[in-house]
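Report on the following structure.
The values are calculated or read from the model by the stated rules, or taken from the named source; none is laboratory data. Predicted, not measured: the structure shown is a model, and the values here were computed from it. Virtual Cβ from ideal backbone geometry, glycine too; neighbours counted across all protein chains shown. Remember, those area values only see protein heavy atoms, side chains included, never the ligands or the DNA or RNA. Shrake-Rupley method; radii C 1.70, N 1.55, O 1.52, S 1.80 Å.
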Amino acid sequence: MTRTTDLSSINCTQCGAGLGVLGGGRVRTHVCGYCGAVLDAQDKYRILTSIGKRDHPFSPVNIGMTATIEGADFTVIGTLGMIETYRGETWRWTEHQLFSPTHGYAWLSYESGAFVFTRKLRDLPSPMWIGTAQVERAESPPRARLNDGHYRYYETSTARIDFMEGEFNWLPKLGESKTAVTLMSREAMLSYSFSRNEREVERSILLPTERICAQLGIDPATIRVTEPHPLTPFKPLKDEGFLRAALLGFAALALFLTLALWMLPGDRVLNVDRVPVRDLPQTYDFTLTSTDQLVRVDLQTDVSNAYALFSTEILNAAGEPVVEGMRAAQYYSGTDGGERWSEGSRRAHYLFRPADTGVHRITLDLEEAESWQGNHSPLSYVTISVRQKVTTSLWMGAMTVVFLLGALALQGRYALYEKRRWSGSDWTDED
């Protein structure tokens, strides 16, 4: 029996089982799924060896299924069960050889609910080859460039064949291993793989589950994704791009209004410059003409390496208290390791909304003051300033923060997606 272009089936030369011939004229090996005989498809299907009857690895894909992938019609012609072990962990998946009369041979892998399509590259990437030795010597993740974009190192893995059935365009052997250095872009993986006899460069893409299931005739409800594939695309929220742009625009507008409000000084109704602290307490009158906006009372001192606690009382025209409270001004500075440092502020302030207009009276007193080292006078004077019709930028500043946090939250979704899909990488940065 010789392999001809019109051959559609054969009988296994070991057990006599009927086997379909689907893989075209370049099929090298046919492995019987009934008895495990490995047959030479180019030499009258003579028996080369036998792997015996082995348990079939789980996969919803079966030999004979067809699908249209990247515009080409492919037929599943063979199945390999693959296994990888590393540091006590074991991973298993299936790789199905595909054949297209117009586009030749390719692979469809199934693992953890993901379907991955792999083909050898015709256009070589730059660099043309990255081996394990180059990865070991690299100080940063190796990168490559292909026509469809840039790739960054993801992992190095070594897998071996644990099961085989069907037709293949080479002679697979049970236990045969292959090592692959894999890089990843946003949409594809690039693998520099080599075995004992050959090396090749392949590109892999993730296929949409529903689409490939429809092509193969598989019920998508039976596919359970146990672990997201690194190439799983990011799923943005509805109108996420517009929402992010809108939030950033509102944040910019709110920031502008915040600065504008912050720069509006209001009307000054009292300014007493450099009142000696030894003359405190002191009382001053000022007149308010508006109740629509805030009144701000500012205290400025020359406190240095010390703190000062001031008490303030403001009465309205009827002698009723409007403000009663205390404010501290404290300022410290020095030199540490040749670097100057400072903390605190020489200023303190009050904000209040007046209930009525007219003459108001402010009384200011120094409750206590103490220097840091106790060997100098904490302060010598205080300047008092009162302004009305003051606008506050607090709420507009808060809105700026809210809008920015919203935009960052949307960006954070993508950052978490990137972190997840690179979490399986075996690259580690060494100190």
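Using the beta-carbon distance between residue 370 and residue 342 and R0 = 25 Å, what value does 1/(1 + (r/R0)^6) give for FRET efficiency, to the nearest 0.05?
0.85
Helices in the chain that qualify as membrane-span-like (whole DSSP H runs, Cα extent of at least 15 Å along the helix axis, mean Kyte-Doolittle hydropathy of 0.5 or higher) are 240-263, 394-421. Distance between the 7 Å Cα→Cβ label points at residue 240 and residue 423: 1.7 nm.
Our summary of shape: the Cα atoms of region 40-115 have principal axis extents of 42, 36, 19 Å, ordered from largest down, in whole angstrom.
Across region 214-262, the fraction of Cα-Cα pairs farther apart than 12 Å, rounded to a whole number, is 78%.
Of the three principal axes defined by the Cα atoms of region 356-395, the extents in descending order read 45, 29, 14 Å. Quick one: Kirkwood hydrodynamic radius for region 1-72, alpha-carbon pairs, angstrom, one decimal? It works out to 13.4 Å. Considering all alpha-carbon pairs of region 256-302, what whole percent are spaced by more than 13 angstrom? Distances greater than 13 Å cover 70 percent of the Cα pairs. Tell me which lysines have Cα within less than 16 Å of residue 235's Cα, excluding those fewer than 8 residues away on the same chain? Partners found: 419.
Each label was represented as a point 7 Å from its Cα along the Cα-to-Cβ direction; for residue 413 and residue 137 these points are 4.5 nm apart. Taking packing as the residue-averaged number of other Cβ atoms within 10 angstrom, the listed peptides 350-356, 361-367 run from highest to lowest as 361-367, 350-356.
Highest mean first, how do 223-229, 311-317 rank when packing is the count of other Cβ atoms within 10 Å averaged over residues?
Result, highest mean first: 311-317, 223-229.
Taking a point 7 Å out from the Cα of residue 152 in the direction of its Cβ, the residues of region 383-418 whose backbone N falls within less than 15 Å of it are 414-418.
What do you get when you divide the Cα radius of gyration of the chain by 2.2 N^0.38 Å, with N the number of residues?
Expressed relative to 2.2 N^0.38 Å, the Cα Rg reads 1.76.
Modelled spin labels at residue 195 and residue 83, positioned 7 Å past Cα toward Cβ, are 1.7 nm from each other. For the options 372, 395, 170, a Gaussian network treatment of the chain with springs between C-alpha atoms closer than 10 Å singles out 372 as fluctuating the most. Once the other residues with Cβ under 13 Å from the Cβ of residue 132 are scored (Lys, Arg +1; Asp, Glu -1), what is the net sum? Around residue 132, the charge tally is 0. Here region 86-195 exposes an accessible surface that is 46 percent carbon and sulfur, computed with a 1.4 Å probe and the other protein chains kept in place. Under a Gaussian network description of the chain, with springs only between Cα atoms under 10 Å, the residue in 322, 201, 135 that fluctuates furthest is 322. Expressed as a whole percentage, what fraction of the accessible surface of region 299-431 belongs to carbon and sulfur atoms when a 1.4 Å probe is rolled over the protein heavy atoms? Solvent-exposed carbon and sulfur of region 299-431 make up 51 percent of the total. For region 147-286, what log10 I(q)/I(0) values come out of the Debye formula at q = 0.11 1/Å, with one point per alpha carbon and no solvent? Per q value, in the given order, log10 I(q)/I(0) is -0.75.
For the cross-link pairs 44/120; 53/178; 120/173, the ones whose C-alpha atoms lie over 27 Å apart are 44/120.
Give the share of C-alpha pairs in each 10 angstrom bin for region 57-203, from 0 to the last occupied bin, in whole percents, shortest bins first. In order of increasing distance, the bins hold 10, 39, 38, 12, 1 percent.
For region 178-242, the convex hull drawn through the C-alpha positions has a volume of 147 cubic angstrom per residue.
Using the 1.4 Å probe convention, the accessible area of region 257-371 works out to 58 Å² per residue with neighbouring protein chains retained.
Charge dipole (Cα centre; +1 on Lys/Arg Cβ, -1 on Asp/Glu Cβ; no other charges) of the chain amounts to roughly 1600 debye. The C-alpha radius of gyration of region 275-431, expressed as a fraction of 2.2 N^0.38 Å, stands at 1.60. Solvent exposure of region 1-154 amounts to 53 Å² per residue of accessible area, where only protein heavy atoms count and the probe is 1.4 Å.
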